[in-house]
Amino acid sequence: MKSLLIIILFLALVAAAFFTRPSKDDFEKYVVAKSTVADTNFFSAGWDKMRAENFISSVQFNDRFLWMDVEQNGTSIYTGAFGHWFNRATVQADIDSVKKQASDVSDTVSKGIDAAKQH
């Protein structure tokens, strides 16, 4: 019975990922909105919109069935899943920051253990 419930929940998760996968149009809206959010006048908004559209024309979209990857020069720069876009560089920077913090905590704990052993 548990296995059946797990399979049903897994299939529901896969269906949700498939049906909420963002499209190329969603990415265009996302990039234009993100680049024009701080614009205060018509001219700067128009200029930023044009730059965003030029950026969109320079990337390649790869449909991965459950998510969408946006690549530029062979490198994935955005990933779209569950109706959201994730900047891969930002995510990688966050992961690196957490790894560094974990390493610093580990070093601090090791030093504390070494100091306790000496007493």
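Where a number appears in this text, it was derived from the coordinates with a stated rule and is not lab data. Computed from a prediction, not measured in an experiment: that's the story for all the values here. We place every Cβ from the backbone using ideal geometry, glycine too, and count neighbours over all the protein chains shown.
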Mind checking the angle between helix 88-118 and the chain's longest principal axis? C-alpha axes, 0 to 90 degrees, to the nearest 10. 10 degrees
Mean-position separation - Cα centroids, segment 59-99 and segment 29-46, in angstrom: 22 Å
Hand me the chymotrypsin sites (Phe, Trp or Tyr not before Pro) from segment 26-90 located in a DSSP loop with no more than 13 other Cβ atoms within 10 Å, in residue order please. 65
How far is helix 42-57 tilted, in degrees, relative to the longest principal axis of the Cα atoms in the chain, given as a value from 0 to 90 rounded to the nearest 10? 70 degrees
For the chain, what does the convex hull of the Cα positions come to per residue, in cubic angstrom? 199 Å³
For the Cα atoms of the chain, what angle does the longest principal axis make with the long axis of helix 24-36, in degrees from 0 to 90, nearest 10? 80 degrees
